[in-house]
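This report refers to the structure that appears directly beneath it.
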Amino acid sequence: MSAPTAMRVVSGIQPTGGLHLGNLLGAILRWVRMQDEAECLFFLADLHAITVDVEPAALRSNVREMAAALIASGIDPARSVLFAQSAVPAHAELAWLLQCTARVGWLNRMTQFKEKSGKSREGASVGLYTYPVLQAADILLYRATHVPVGEDQKQHIELARDIAVKFNTDFDVELFVPPEPFIGGGAAARVMSLRDGSAKMSKSDPSDMSRINLTDSDDVIAQKIRKARTDADPLPEDPALLEPRAEAKNLVGIYAAVTGETPQDVLGRFAGQGFGALKPALADALIGLLAPLRTRLEELRGDPAELDRILAADSGRAAELGAPLIVDAYRAVGLSR
C-alpha cells in the first residue's frame, strides 16, 4: 500500500456539551482553516469519551451537538470527512493490534494518564490508561501524514510514531506512516477563564460568567465581557508587559484571535487606555463572530435527521479510506479478516 501522495490531516475532538469560546478559538477555527491546506478527516471521539463515566443519553446527544457546532463554525462535509469514531469499527480493531505492539513502559511515561486519573489511579478504567494507543490507531488507520497538536499532545504523536515504526519493523512491512505534527491552520489561541486568567476557559467551571458559550445571546456576551475580571492599570504598548497581568493578557489575546491581529496590533490601538475602551470593542468583535455561528447552530439543531445523514455518509467515506489498511494490518500479524 503506497503512502498518501497529498498531505492528509486527521484530528478528533471529544463530544462534550456546552461548547465555548475556548473550544472555538483553540481548535475548531483552526480546523476550518486547515481545509484550505490539506485533505482533512475530523472525527467525534466518542470512544475516547467512555474512558470515564458518561451518561449514555448525554453522549448520544453530545455527538449530534458537536457535529452541529463544527458545521456551523465552517467545517464543510463536502470538503472534509466528518464522522463519529465509533461508526468506523476499524478504529477499535486497529487499536487492539497496536496494543499488542506498544510497550507498557511507553504508556507508563504518558503524563496525561497521571493527570487525568489523579489520586484514584487504581480505580481508573483500563481504557483511560490505554487511550493513547487508540489515539495512535485513529491516526495510523488513515495513514495521516500530519496531526495538529498542542503542546500537551506532542507526547502522543511521538507515541504514535514509535508504534508505527515498531510495527513496521516487527513485521517487515511499510504499512504505517509515522505522522508529523501539523503547524498549519494558523495559530490556536489559548483562551483563559474570564474570572481567573490563570485557569483555562472550561465548561466545568461552576461560574457561567467564566466563559462565553457558543449559544450565548448578544446581550449575555456583552455582559460577560463587561464583568470580566481585569486590573486598574492602563494597557501597555509592549505585550511582554502583560505577562504578570493574566486577565489583561487574556482579553487582549482573545481580541487578537477574534480579529486576526497580533497582541501587538491590539495594544497599538489601545495602549494607554483602560479596559473601558477595550471591553466594548471586544464585545462587538465577539458578537460579530458568534452571532452568525449561533444562528446556523440553531438551524442545524432543528434538523437532527440531516445531521445524522451527514455523519452516516461521512462514516462510510472514512470506513472506505481505512478499509485497505486494516486488512493489511491483520495480514501482517498473521490473521485474516
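The values are calculated or read from the model by the stated rules, or taken from the named source; none is laboratory data. All figures in this text were calculated on a predicted structure; none of them were measured in a lab. Here the Cβ positions follow ideal geometry from the backbone for every residue, glycine too, while neighbour counts run over all protein chains shown.
In the condition set (1) farther than 30 Å from Ile139 by Cα; (2) over 25 Å from the mean Cα position of the chain (by Cα); (3) part of a helix (DSSP H, G or I); (4) basic (Lys, Arg), Arg331 is compliant with all but (1). With the checklist (1) within 19 Å of Gly322 (Cβ to Cβ); (2) more than 22 Å from the chain's Cα centre (by Cα) in hand, flag the one item Phe83 doesn't pass. Evaluating Phe83 over (1) within 19 Å of Gly322 (Cβ to Cβ); (2) more than 22 Å from the chain's Cα centre (by Cα) leaves (2) as the failure. Being at pLDDT 95 or above and either among the β-branched types (Val, Ile, Thr) or surrounded by 18 or more Cβ atoms within 10 Å (Cβ to Cβ) (or both) is a description that does not apply to Leu24. Considering only residues in the stretch 80-127 that are among the charged types (D, E, K, R) and at pLDDT 95 or above, the one that is surrounded by the most Cβ atoms within 10 Å (Cβ to Cβ) turns out to be Glu93. Suppose the filter is touching a residue at least 24 places away in the same chain (Cβ under 8 Å), out of contact with any Asp or Glu (no Cβ under 9 Å at 6 or more places or on another chain) and among the aliphatic types (A, V, I, L, M); does Leu175 pass it? No; evaluated as a whole, the condition is false for this residue.
Applying the criterion of being of a type in the set (Gly, Ala, Ser) and more than 17 Å from Pro89 (Cα to Cα) to the residues of the stretch 33-63, the residue that is surrounded by the fewest Cβ atoms within 10 Å (Cβ to Cβ) is Ala57.
Cβ-Cβ contacts under 6 Å between residues 6 or more apart (or on different chains), taken from a first residue in the stretch 310-337 that is hydroxyl-bearing (Ser, Thr, Tyr) to a second residue that is assigned to a helix (DSSP H, G or I), are listed as Ser315/Ala87. Would you call Lys203 at pLDDT below 90 and either crowded, with 16+ Cβ neighbours inside 10 Å or farther than 15 Å from Leu282 by Cα (or both)? So Lys203 fits the description; yes.
Residues considered: Glu299, Glu247, Glu237, Glu306. Of these, the only one that is in contact with a Lys or Arg (Cβ under 6 Å, 6 or more places away or on another chain) and among the acidic types (Asp, Glu) is Glu247. In the stretch 194-223, the residues that are touching a residue at least 24 places away in the same chain (Cβ under 8 Å) reach residues that are surrounded by fewer than 18 Cβ atoms within 10 Å (Cβ to Cβ) and in a loop (DSSP other than H, G, I, E, B) with C-beta atoms within less than 6 angstrom, at least six apart or across chains, in these pairs: Arg195/Ser207; Arg195/Arg229; Lys203/Gly18. A Cβ distance below 7 Å, combined with a sequence gap of six or more or placement on separate chains, defines the contacts here; from the stretch 267-295, residues that are without any contact (Cβ under 8 Å) to a residue 12 or more places away in the chain reach residues that are surrounded by 14 or more Cβ atoms within 10 Å (Cβ to Cβ) in the pairs Ala277/Phe270.
Residues that are among the acidic types (Asp, Glu) and in a helix (DSSP H, G or I) within the stretch 223-277 comprise Glu247, Asp265, listed in sequence order.
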